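Peer 1: Dropping a structure here in structure tokens format, bear with me for questions.
The values are calculated or read from the model by the stated rules, or taken from the named source; none is laboratory data. Since the model is a prediction, treat every value here as computed from it, not as a measurement. Cβ placement follows ideal geometry from the backbone for every residue including glycine, while neighbour counts extend to all protein chains displayed. Just so you know, the surface numbers come from the protein's heavy atoms only, side chains and all, with ligands and any DNA or RNA stripped out. Shrake-Rupley method; radii C 1.70, N 1.55, O 1.52, S 1.80 Å.
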Amino acid sequence: MKLNLLNKPAIKNFRFFSLLLMLAVCLASCHTSRQAGSSSRKDGYLSSKVQLTVPHKDATLTVNGTMKLLSGERMQMSFLMPIIRTEVARLEVTPDDILLVDRMGKRYVRATRKELKNVLPKKADFAHLEKLLYEASKPNGKKVLTGKEVGIPSLEKGKIELSNFSDQKFTLNPTELSSKYKEVALEELLNTLMSL
């Protein structure tokens, strides 16, 4: 059963679960990319479509989005509400920090890798994330990651799927947030996630 994401409680639950799963996927990427070899990066541009599926009670929440990677600089994942295509959440990762944006709740978390050292696997870094994405873009690359594979056993039926890769050039600017957004501590966001 798929939930209608226009339902407010479903949106709230999805929003938090998606941020948690995306954080885990991006930060635990070293776990799934250890065997990755060298990858051809051409001009350093990589984009794809993304589909995130998260189980919730007796339903499945699914949302689509996009991923853009500028090699060595920045990766952005944007998730869009179905039909009206409004951004629900964004994850931005650079070699130095991570930004999680909850568009509907007008909240965000910005943290450096040093601040996240107790949350992240020891070898998780931007280079591993980049390697994971480039490996996924290869013809026989691993394009689906489950919650279990990224270290969230409670979301073992959750998954993120990457498809329709492109190496065409694009513009990727840092995310700017207006004063309407409230910065919250990572602990506050994680506590909210765990209480759902």
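Peer 1: Here are the criteria: (1) more than 25 Å from residue 96 (Cβ to Cβ); (2) of a type outside the set (Asp, Glu); (3) assigned to a helix (DSSP H, G or I); (4) at pLDDT 90 or above. Tell me which single one residue 154 does not satisfy.
Peer 2: The number of the failed condition is (4).
Peer 1: Still on this structure: For region 75-101, which residues satisfy the criterion of being within 20 Å of residue 114 (Cα to Cα) and either among the β-branched types (Val, Ile, Thr) or touching a helix residue (DSSP H, G or I) at 6+ places or on another chain (Cβ under 9 Å) (or both)?
Peer 2: 75, 91, 93, 94, 95, 96, 98, 100, 101
Peer 1: If you check 149, 130, which single one turns out to be at pLDDT 75 or above and under 23 Å from residue 63 (Cα atoms)?
Peer 2: Values: 149 fails: at pLDDT 75 or above.
130 is the lone residue from the list that is at pLDDT 75 or above and under 23 Å from residue 63 (Cα atoms).
Peer 1: Then there is this: Please determine, by comparing only the residues of region 178-196 that are surrounded by fewer than 16 Cβ atoms within 10 Å (Cβ to Cβ), among the hydrophobic types (A, V, I, L, M, F, W, C) and in a loop (DSSP other than H, G, I, E, B), which one is modelled with the highest pLDDT.
Peer 2: 185
Peer 1: Identify, please: which residue in region 79-97 is open to solvent by less than 20 Å² (accessible area, probe 1.4 Å) and part of a strand (DSSP E or B) and is, among those, farthest from residue 66 (Cα to Cα)?
Peer 2: For region 79-97, the residue satisfying everything is 93.
Peer 1: Being open to solvent by 50 Å² or more (accessible area, probe 1.4 Å) and either part of a loop (DSSP other than H, G, I, E, B) or touching a residue at least 40 places away in the same chain (Cβ under 8 Å) (or both) is the filter here; which residues of region 62-78 pass it?
Peer 2: Quick first cut of region 62-78, residues open to solvent by 50 Å² or more (accessible area, probe 1.4 Å) only: 64, 66, 68, 73.
Within region 62-78, 68, 73 qualify.
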